[in-house]
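Structure record follows, encoded as structure tokens.
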Amino acid sequence: MIAQLTGTVLTAGATECVLDVGGVGFLVFITPSTAAGLRPGETTTLHTSMVVREDSMTLYGFSAAGEREAFILAQGASGVGPKVALAIVSVLTPAELRRAVQAEDVRRLTTVPGIGPKGAQRIIIELKDRVAALGLDEGGEAAEPAPATSGTDELWRRQVSDGLQSLGWSSRDAEAAGDNVAHLVEEDPDIPIGKLLRAALNSLARR
């Protein structure tokens, strides 16, 4: 299994990147907080988890080891696969996930796309005894440098929309979230797309 990759960032989007490691380009699916710390041409280290299926091998990468642990732990709940687990750690930090499970906060867990009340209850029941260490070493958000939105209103809106839909939100929700964060682009046209997507996720979670 591949637990860590260090290499040059070739491309970086809102939910995936390509990392050049010794001349081999690895496609890695990432969270918005991880995307916020990536810049093409720079060297980075990602903590990774490889999900192996009969017809595929998929890498998921995180700037913090705690995010990877939360991603792996989330899949220990019935009905939670890699896609939903990635959505969980995109919407909730490891510490937030721990608090939600320990407090049996169904409402907080259902802010994650793909998780309904019954799914939230399963997560609480099945993970409550296993989340105690999550988020205890959190150091905050990923480093600030990142690929900027660089350019047109259409470009950043498409990036945010694609990112949200890949995490399970509907196109209607994604469009509404774009409107919610438009003021951030007006204030800072070079805002990192990862930071913008994180803000869009937070706006949806507060509804």
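Coordinate-derived values only; no laboratory data. This structure is a prediction, so every number in the text was calculated from the model and none was measured. Methodologically, a virtual Cβ is constructed for each residue, glycine included, from the backbone with ideal geometry; neighbour enumeration extends over all protein chains shown.
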Quiz prompt | All lysines inside 25 Å of residue 195 as judged from Cα atoms, apart from same-chain residues fewer than 8 positions distant | solution = 83
Quiz item: Hey, with R₀ at 22 Å, roughly what FRET efficiency would residue 182 and residue 39 work out to, going by the Cβ-Cβ distance, to 0.05?
Solution: 0.40
Quiz prompt | Per-residue ³J(HN,Hα) for the stretch 107-120, Karplus 6.51 cos²θ - 1.76 cosθ + 1.60, θ = phi - 60°, Hz, x for Gly and Pro | solution = 4, 5, 5, 7, 6, 7, x, x, 10, x, x, 5, x, 5
Quiz item: Could you give the longest part of the chain that holds none of the GluC sites (Glu not before Pro) found in DSSP loops with at most 15 neighbouring Cβ atoms within 10 Å?
Solution: 139-207
Quiz prompt | the chain, relative contact order in percent, only Cα pairs under 8 angstrom and at least six apart counted | solution = 22 percent
Practice problem: Treating each Cα of the stretch 153-205 as an identical point scatterer and ignoring solvent, apply the Debye formula and state log10 I(q)/I(0) at q = 0.13 Å⁻¹. | Solution: -0.23
Practice problem: Evaluate E = 1/(1 + (r/R0)^6) for residue 172 and residue 72, where r is the Cβ-Cβ distance and R0 equals 30 Å; express this FRET efficiency to the nearest 0.05. | Solution: 0.40
Exercise. Please tell me the relative contact order of the stretch 153-205 in percent, rounded to the nearest whole number, where contacts are Cα pairs under 8 Å and at least six residues apart.
Key: 40 percent
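Report the full-extension gain for the segment residue 27 to residue 58: residue separation times 0.36 nm, less the Cα-Cα distance, to one decimal in nm. Don't skip to the answer; put the middle values down first.
Values: separation 31, 0.36 × 31 = 11.16 nm, distance 0.81 nm.
Using 0.36 nm per residue and subtracting the Cα-Cα distance, I get 10.3 nm.
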Exercise. For the chain, just the Cα set please: Rg and Dmax, both in angstrom.
Key: 16.4, 47
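From Cα pairs below 8 angstrom and at least 6 apart in sequence, can you work out the relative contact order of the stretch 1-97, rounded to a whole percent? Provide the component values of the computation, followed by the final result.
Working: 177 pairs, mean separation 22.5, N = 97.
The value is 23 percent.
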Quiz prompt | Within a Gaussian network of the chain (alpha carbon springs, distance under 10 Å), most fluctuating of 125, 115, 72 | solution = 125
